[in-house]
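Notes to accompany the following structure.
The values are calculated or read from the model by the stated rules, or taken from the named source; none is laboratory data. Bear in mind the structure is a predicted one, so any value in this text is a computation, not a measurement. All Cβ positions, glycine included, derive from the backbone under ideal geometry; neighbour counts span all protein chains shown. Areas reflect the complete protein model, heavy atoms only, side chains present, ligands, DNA and RNA absent. Shrake-Rupley method; radii C 1.70, N 1.55, O 1.52, S 1.80 Å.
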Amino acid sequence: MNNDDKILIIEDEAPIRRFLDILTTGHGYQVKTVETAREGLKQIIAWNPHLILLDLGLPDADGLDFTKELRSWTDIPIIVISARDKEADKVLALDAGANDYLTKPFGSGELLARIRVALRSNINMGVIDNCKYQFGDVILDLAMQTVTRSGAIIKLTPKEYKIFTLLAKYMGKVLTHKQILKEVWGGNYSEHSHYVRIHIAQLRHKIERCSAQPKYIITENGVGYRLLSDD
Ligand code: CA
């Protein structure tokens, strides 16, 4: 297997660093590993990786602060890999701008799947210029501001449309309840996560073939939602 995707691993724990290195290299990725945030930053600038696997507990920085700092100037996908396994920790990392979050210990199959999704989301950032996203027989057209099923218009409320386009803009990335509330309702609604749940339920009902088993609008329990498209 061979591909051009470059992955930067920032992890100070040697056994995990080695494991991640062997796993990703073995699947054809170009890989560099560093042990500190400082070295990581140097490589991000010099090597321009397509994806970062980031440990939160680094010797010279907190991974959350590092993620926020990166997000002030780059959209490069970040998958946080951490021993902190509380839901609140995941929410903090995602709110800081991480694309995804994986708790140690994790399976190699799951990590590779999440790497593929994150790399795809990076490409899909570009798809927004083409203005169209496909979900089975449903098409979201940002230029026309329409959602159609087999050519027939699906009527969405303005809020539903806003949530759908927001999730599409960050395809594959987990958005927290807080992020969705902030973007769709504005800053004063951050405690109203039930608003999001209600609108997501309505949106699923209109978009998904089977809203009880959603294929596209995926729930991340206690954290938020992510949108997956057809490849
Ligand atoms: Ca560590």
- Task: For the stretch 1-29, enumerate the residues that are touching a Pro at 6+ places or on another chain (Cβ under 6 Å) and either open to solvent by 60 Å² or more (accessible area, probe 1.4 Å) or within 16 Å of the ligand (Cβ to nearest atom) (or both).
- Result: 8, 12
- Among the residues of the stretch 153-166, is there at least one that is surrounded by fewer than 19 Cβ atoms within 10 Å (Cβ to Cβ), at pLDDT 95 or above, in a strand (DSSP E or B) and of a type outside the set (Lys, Arg)? yes
- What is the residue count in the stretch 38-94 for residues that are among the basic types (Lys, Arg) and within 17 Å of the chain's Cα centre (by Cα)? 3
- Query: So residue 221 fits all but one of (1) closer than 24 Å to residue 89 by Cα; (2) modelled with pLDDT under 95; (3) open to solvent by less than 60 Å² (accessible area, probe 1.4 Å); what number is the exception?
  - Reply: (3)
- Scanning the stretch 127-151 for residues that are modelled with pLDDT of 90 or more and among the β-branched types (Val, Ile, Thr) gives 138, 139, 146, 147, 148
- Of the residues in the stretch 67-87, those that are open to solvent by 10 Å² or more (accessible area, probe 1.4 Å) and either assigned by TED's automatic domain parsing to the domain that holds residue 223 or within 19 Å of residue 17 (Cβ to Cβ) (or both) come to 83, 84
- Message: Being closer than 27 Å to residue 86 by Cβ and not assigned by TED's automatic domain parsing to the domain that holds residue 99: is that true of residue 151 here?
- Response: no
- Item | Subset of the stretch 101-117 (residues that are open to solvent by 10 Å² or more (accessible area, probe 1.4 Å) and touching a residue at least 60 places away in the same chain (Cβ under 8 Å)) | 101, 104, 108, 112, 117
- Quick one: how many residues across the stretch 172-216 are acidic (Asp, Glu) and part of a helix (DSSP H, G or I)? 1
- Note on the structure: Taking first residues from the stretch 2-13 that are within 12 Å of residue 24 (Cα to Cα) and part of a loop (DSSP other than H, G, I, E, B) and second residues anywhere that are more than 16 Å from the ligand (Cβ to nearest atom) and not polar (S, T, N, Q), the pairs with Cβ under 6 Å that are 6 or more apart or on different chains are 2/28; 3/28; 5/29; 5/50; 5/119
